[in-house]
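The values are calculated or read from the model by the stated rules, or taken from the named source; none is laboratory data. Computed from a prediction, not measured in an experiment: that's the story for all the values here. Every residue, glycine among them, receives a Cβ derived from its backbone with ideal geometry; neighbour counts consider all protein chains shown.
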Amino acid sequence: MGYRKTLPWLAAVAFFTTACSGASGTGPATAAGLSSASEEQNKALVLRLYSEAFNQDKTDVVRELVGADYVQHDKSVPGGADGQVKQFQDLKAKIPGAVATVKRTAADRDLVAVHWHASATPANEATGEAKVDLYRVGNGKLVEHWSITQTVPATTVSGNSLFSDQYQYPNGAPTLSEEQEETNREFAVTAYRKLSDGDAAVVDTSWDTSTTRRSRTEQVR
């Protein structure tokens, strides 16, 4: 079936969704019971990696933020602070003049996800690379990192950029309780797992296709 062409990318998205739900099933258990204040502190720590280390070339900030046993899952760089420095240097060599523009962040327990744009011309969202990084934070240090990257295309089938916000809540964005957030996480994880297992019918039951510019056939092709 045609939708299988999208499974490598969907698998990556499912991984991030699952990890942020605290239900990855592999690796160390996700820290439980962190307060919203702790999650905000974790986000602030991670964002320094982009605003200071990447955009201001402050390699000392990387060494300040990264733990001694930093586990790196990027295939092209080693672990530790030196590996994180190399990853940023390699990206800047690939995209001369690149700056990091953070588009979205999400924190859940000891995990922080960052959706960002690496480009020398950040005002043009059809340039550079779209990246999602996932960090684990432990004792005030970055201790583990995963990432996915996509080269930004000049155009998209939907007409939307890889970074724009298009969805509008009918009555404004809701304020969710922790219980409601957990329900949303479980819903998203279940939907992606079904799709990756080959259940294309889940698109009809779990995706609101009326909010996109593409037909359902285009979505699952």
Checklist (1) touching a strand residue (DSSP E or B) at 6+ places or on another chain (Cβ under 7 Å); (2) surrounded by 16 or more Cβ atoms within 10 Å (Cβ to Cβ); (3) under 19 Å from residue 146 (Cα atoms) applied to residue 69, failing item: (2)
Filter result (of a type in the set (D, E, K, R), buried (at least 17 other Cβ atoms within 10 Å of the Cβ) and not in a loop (DSSP other than H, G, I, E, B)) within segment 104-140: 108, 129, 131, 133, 136
Residue 188 being among the small types (Gly, Ala, Ser) and outside any loop (DSSP other than H, G, I, E, B): yes
Residue in segment 142-153 that is in the same structural domain as residue 43 (by TED's automatic domain parsing), surrounded by 14 or more Cβ atoms within 10 Å (Cβ to Cβ) and in contact with a Pro (Cβ under 9 Å, 6 or more places away or on another chain) present: yes
From the options 81, 93, residue that is assigned to a helix (DSSP H, G or I) and within 21 Å of the chain's Cα centre (by Cα): 81
Residue count, segment 23-58 (criterion: hydroxyl-bearing (Ser, Thr, Tyr) and at pLDDT 95 or above): 2
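If you check residue 69 against the conditions, is it closer than 18 Å to residue 137 by Cα, part of a strand (DSSP E or B), at pLDDT below 95 and not β-branched (Val, Ile, Thr)? Explain how you work it out, then say what you get.
Details: closer than 18 Å to residue 137 by Cα: yes; part of a strand (DSSP E or B): yes; at pLDDT below 95: yes; not β-branched (Val, Ile, Thr): yes.
Against the criterion (closer than 18 Å to residue 137 by Cα, part of a strand (DSSP E or B), at pLDDT below 95 and not β-branched (Val, Ile, Thr)), residue 69 qualifies.
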